[in-house]
1. Compute the angle between helix 35-62 and the longest alpha-carbon principal axis of the chain, please, reported from 0 to 90 degrees and rounded to the nearest 10.
2. About its Cα centre, what dipole magnitude does the chain give when the only charges are +1 on Lys and Arg Cβ and -1 on Asp and Glu Cβ, stated in debye to the nearest 20?
3. Against the longest principal axis of the chain, how steep is helix 2-19, in degrees 0 to 90 to the nearest 10, with axes from Cα atoms?
4. Sort F77, F6, F48 from largest to smallest accessible area, using a 1.4 Å probe on the heavy atoms of the protein chains.
5. Provide Y51, Y29 ordered by accessible surface of protein heavy atoms (probe 1.4 Å), highest first.
6. How much accessible area per residue does region 1-78 have, counting only protein heavy atoms and a probe of 1.4 Å, in square angstrom?
7. Considering only protein heavy atoms and a 1.4 Å probe, what is the carbon-and-sulfur percentage of the accessible area of the chain?
8. Which residues does a label at V46 reach in region 1-21, if reach means a backbone N under 19 Å from a point 7 Å past the Cα toward the Cβ?
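The values are calculated or read from the model by the stated rules, or taken from the named source; none is laboratory data. Bear in mind that the values here come from a model prediction, so they are computed numbers and not experimental data. Every residue, glycine among them, receives a Cβ derived from its backbone with ideal geometry; neighbour counts consider all protein chains shown. Heads up: the accessible areas ignore ligands, DNA and RNA and are worked out on the full protein's heavy atoms, side chains in. Shrake-Rupley method; radii C 1.70, N 1.55, O 1.52, S 1.80 Å.
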Amino acid sequence: MMLNLFRGIAILEGISYLALFAVTMPLKYMADLPVPNKYVGYAHGVLFIAYIILAILICIIKKWGFKRMAIFVIAAFLPFATFYIEQKYFGPDASQKLAV
């Protein structure tokens, strides 16, 4: 259950990150519409924190080690990286990668 929650948060965090930079920031600076940026920014902040906490908790519970935890955490700072993490480590072909 926790892995499914992490997968969902990873996808939503990635979407919110892209929405923030590709949609609401241009609206804020080019169209002088700051309100969407505020709310998408709040949502992204909550999802970002949830992603980081879940990544650390899952790595500790599953005893995956510091390297995998670092990869998960660094992915939160890079556009599209949470989608990659979700697919590589939790996608349909990921059962071998989760073994340890």
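1. Helix 35-62 sits roughly 10 degrees off the main axis of the chain.
2. Working: 9 positive and 4 negative charges, 75 e Å.
It works out to roughly 360 debye.
3. 30
4. Numbers: F77 120, F6 0, F48 50 Å².
Result of the area sort, largest leading: F77, F48, F6.
5. Details: Y51 0, Y29 160 Å².
Of Y51, Y29, the descending order of accessible area is Y29, Y51.
6. Values: 4840 Å² over 78 residues.
Computed with neighbouring chains in place, this is 62 Å² per residue.
7. Details: 4660 of 6270 Å².
Ligands and nucleic acids excluded, carbon and sulfur give 74 percent.
8. Flagged as within label range: 5-21.
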